[in-house]
Amino acid sequence: MGERRDLVLRGGLQRLMKRGAGRLADPVFAVVTGIAGLAVLIILAYMVVVTTYTAVPVFRSQGWSFIFSTDWSPSEGKFGAFAFIYGTIITSLIALLIAVPLSLGVALFLTEIAPRWIRGPVAYLVDLLAAVPSVVYGLWGVFVLLPGFLQPIATWLSVKLGWIPIFAGPATGLSFFGAGVVLAIMIIPIITSLCREILKAVPVGEKNAAFALGATRWEMIRGAVLPRAKAGIIGAVMLGLGRALGETIAVALLVGSRAQVTASILQPGYSMAAVIANQFQEATGDHVSALVGVGVVLFGITIIVNVAARVLVWRMVES
Amino acid sequence: MINSNQYKSNRYKDGVLLVCRRALVLVVVLAVTVGVFGLLTSRSPAGRGGSLDIADSSSSLQAIGSSSSPRTGLNGVGASFPQPLYLEWIGAFRDLNQGVKINYQGMGSGGGIQQLTQLTVDFGASDAPMNDEEMAAAEQAAGSRVLHIPAVFGAVVVSYNVEGLEDLKLDPDALAGIFLGDITRWDDVEIAVLNPGVALPDQAIQVAHRSDASGTTSIFTTYLSRISSRWDDTVGKGKEVKWPVGVGGQGNDGVSAVIMQQPGTLGYVELSYALESGLPVVALKNKAGNFVMPSLESTLAAGRGVDFPDDLRFDLSDAIAADAYPIVGATWILAYEKMKDPVKAEALKAFLNWALENGAEIAEELHYAPLPEGLKSRALEQVNSIH
């Protein structure tokens, strides 16, 4: 097989050299890709500048209470976004808690355990989940998953485990929990596909070496596959988290839209993206800049999460 | 480990099998998707336009955009609550008058007022009348008076889900008490007094409200502000307010889903939606002291005996007529008396004349209450002053 690939490569190279295209193509290519790269930076910078500029009046008038107060009453000119920040983080955490083990399980199953004929269709189906629009997830959550599946679980949790603050009742249906579960389903395909690719990239030689040392399949996965893939898996999880933090419509439909900070995940809450979606249309004046401000804070949180992920990955690669 | 020769010989077969399997999976998934989509669209009530509006508006926009077209194009933006009705009216009017194309986008009342003031549209629409400041800004921008032309009345109904409970009556105090969070249980004395002989369960009340900014919320909170000074002081009225209690669902769909799924829930939805979906509704005590069920007739009755001001910026909340349903609001078309383009002025006049004179039947089909005669003639006076 290796020989054939070499032949193909050599053929392609010869054809290119015959045409003499390389001399002109290289600089043109450099310029085109350069423009593409720059465009991303410019768009990003433009967005940051414009949104921050729009939000400055509210940052100035509210000060730190914009981030640390939960009092959001546009009619009185009070904008405290803490409940939204809290809701975004809680729903994303619930989503990660459910999605990470599941995705990792699916990815390991598909790369290490599943019979060959299952791998293709299952991987394909998981990828297909990523193509479903988020509004469909949201509506499906409200009309199908919530009444049929989540509500009974939530009620059971609140009745049996209600003495634990995070499961305190009454279970309201639309809640952090409902939003978190649907978010989990939404981020599973991303994390799964990335993890699958990462696990596939673990050299067969190392796996065989583990087997040769007498390792069982589980020991091989623990000893040879996971340590190799750790950095990549964290990257995959962070991409999933990024989507969960920014998801708008599905959360707006499911979270219950109540600006409150409560320990119980069975109670309604709010999220940053959802409040923007719900209120922007009819907002005027300070309210608009406050909502844009929420967007700026969300952007900030996303950056912090990404940087943290990078640092984590670097540390791991070094050690 | 798989032997590489064996692997090669199997690869072709595997590939073909894989492709077949993938195709099969794709077909199944597509079929399911189409089925679900069909279900979703068939169960969505008349209150939502969906993709139809988008197609409609984009094609009319094109017609207006091309200056070579001899047709007249009118552009309107505003309230989403009457959007289904306006689209029907526009469609019927276009069938009768080939020359006039009208585009309406229900992006919200606030947007309607804003775009009218910025002169980017030919008419606006709003579920609440413009306030004096907004009027002044618009009139200064256009150099013309702004007209409020009422189109139809709409009502907001209170719906609930309590097992075995069919006829629930509430008065203003009890309703405000529930939404303020003072009354938290179904067997509260204040509710029991209004429903003698009815077995009320010992169950917590969960309140459901709209989470998105909406005219429905505006009509509902305007009513609560009218009947409860405590509500007026602590919460106030608006398209979205800071609710003391409850969970927020998105749209009428979202609120009714909460009501239907959660026993013990009480919430509000717009009349047309409640009539379409058959939710149980509360009979409310009106100003005259009668318990009135929401219906087109009782909505229409709210306009009886109201002293309409000259500029037609009126309020139908808690109306005085004996058979009036109390939570009623109007929706208005906003236009300038003096329009820059006389051709457009004539077109708008023709459309509004037609809609007010002949649109009642369509309105009733869609569960909007058409204007009573007296108010209709006053609205037509406003329309005919456009030039």
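The values are calculated or read from the model by the stated rules, or taken from the named source; none is laboratory data. Fair warning: this is a prediction, and the values are worked out from it, not measured in the lab. Please note: Cβ atoms are built from the backbone with ideal geometry, for glycine as well, and neighbour counts cover all protein chains shown.
A few points about this structure:
- Sole exception among (1) assigned to a loop (DSSP other than H, G, I, E, B); (2) away from chain A (no Cβ under 14 Å); (3) modelled with pLDDT of 80 or more for B:Met107, by number: (2)
- Being within 14 Å of another protein chain (Cβ to nearest Cβ) and surrounded by fewer than 24 Cβ atoms within 10 Å (Cβ to Cβ) is a description that applies to B:Gly251.
- Out of B:Gly238, B:Gly249, sole residue that is out of contact with any Asp or Glu (no Cβ under 8 Å at 6 or more places or on another chain), within 27 Å of A:Ile249 (Cα to Cα), in the same structural domain as B:Leu170 (by TED's automatic domain parsing) and at pLDDT 90 or above: B:Gly249
Quick grid of which residues meet (1) more than 30 Å from A:Glu206 (Cα to Cα); (2) crowded, with 21+ Cβ neighbours inside 10 Å:
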site: A:Gly232; (1), (2): no, no
site: A:Ala244; (1), (2): yes, yes
site: A:Ile249; (1), (2): yes, no
site: A:Leu253; (1), (2): yes, yes
site: A:Met272; (1), (2): yes, yes
site: A:Phe299; (1), (2): yes, no
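- Counting only helices (runs of 4 or more DSSP H) that fall entirely inside the range A:219-319 and contain at least 1 residues that are within 11 Å of chain B (Cβ to nearest Cβ) and under 20 Å from A:Ala95 (Cα atoms), the qualifying elements are A:249-254, A:272-279.
- Of all residues in the range B:229-245, those that are more than 7 Å from chain A (Cβ to nearest Cβ) have Cβ atoms under 8 Å from Cβ atoms of residues that are among the basic types (Lys, Arg) and not in a helix (DSSP H, G or I), 6 or more apart or on another chain, in B:Val235/B:Lys242; B:Trp243/A:Arg258.
- Test: residue in the range B:148-162 that is surrounded by 17 or more Cβ atoms within 10 Å (Cβ to Cβ), of a type in the set (A, V, I, L, M), over 30 Å from A:Ala283 (Cα atoms) and touching a residue at least 24 places away in the same chain (Cβ under 8 Å): yes
- Restricting attention to the range B:90-118, the residues that are touching a residue at least 40 places away in the same chain (Cβ under 8 Å), surrounded by fewer than 24 Cβ atoms within 10 Å (Cβ to Cβ) and among the hydrophobic types (A, V, I, L, M, F, W, C) total 5.
- Test: residue in the range B:348-364 that is among the charged types (D, E, K, R) and modelled with pLDDT under 90: no
- Residue in the range A:187-206 that is of a type outside the set (A, V, I, L, M), without any contact (Cβ under 8 Å) to a residue 24 or more places away in the chain, within 13 Å of another protein chain (Cβ to nearest Cβ) and out of contact with any strand residue (DSSP E or B) (no Cβ under 6 Å at 6 or more places or on another chain) present: yes
- Qualifying positions in the range B:273-304 - farther than 25 Å from B:Ala379 by Cβ, hydrophobic (A, V, I, L, M, F, W, C) and in a loop (DSSP other than H, G, I, E, B): B:Leu279, B:Val282, B:Ala288, B:Met293
- Lone unmet requirement of (1) more than 11 Å from chain B (Cβ to nearest Cβ); (2) surrounded by 15 or more Cβ atoms within 10 Å (Cβ to Cβ); (3) in a helix (DSSP H, G or I); (4) not aromatic (Phe, Trp, Tyr) for A:Ile153: (2)
- For the range B:254-304, a residue qualifies if it is within 12 Å of another protein chain (Cβ to nearest Cβ) and within 16 Å of the chain's Cα centre (by Cα), and the qualifying residues are B:Gly254, B:Val255, B:Ser256, B:Gly267.
- When A:Arg5, A:Arg15 are checked against the criterion of being at pLDDT below 70 and under 38 Å from the mean Cα position of the chain (by Cα), A:Arg5 stands alone in meeting it.
- Only one entry of B:Asp307, B:Asp315 meets the criterion of being part of a loop (DSSP other than H, G, I, E, B), without any contact (Cβ under 8 Å) to a residue 12 or more places away in the chain and not assigned by TED's automatic domain parsing to the domain that holds B:Arg145, and that entry is B:Asp307.
- Sole residue being of a type outside the set (Ser, Thr, Tyr) and either more than 13 Å from every other protein chain (Cβ to nearest Cβ) or outside any helix (DSSP H, G or I) (or both), chosen from A:Ile118, A:Ile166: A:Ile166
- The range A:68-82, subset in contact (Cβ under 8 Å) with a residue 60 or more places away in the chain and in contact with a strand residue (DSSP E or B) (Cβ under 7 Å, 6 or more places away or on another chain), residue farthest from the other protein chains (Cβ to nearest Cβ): A:Ala81
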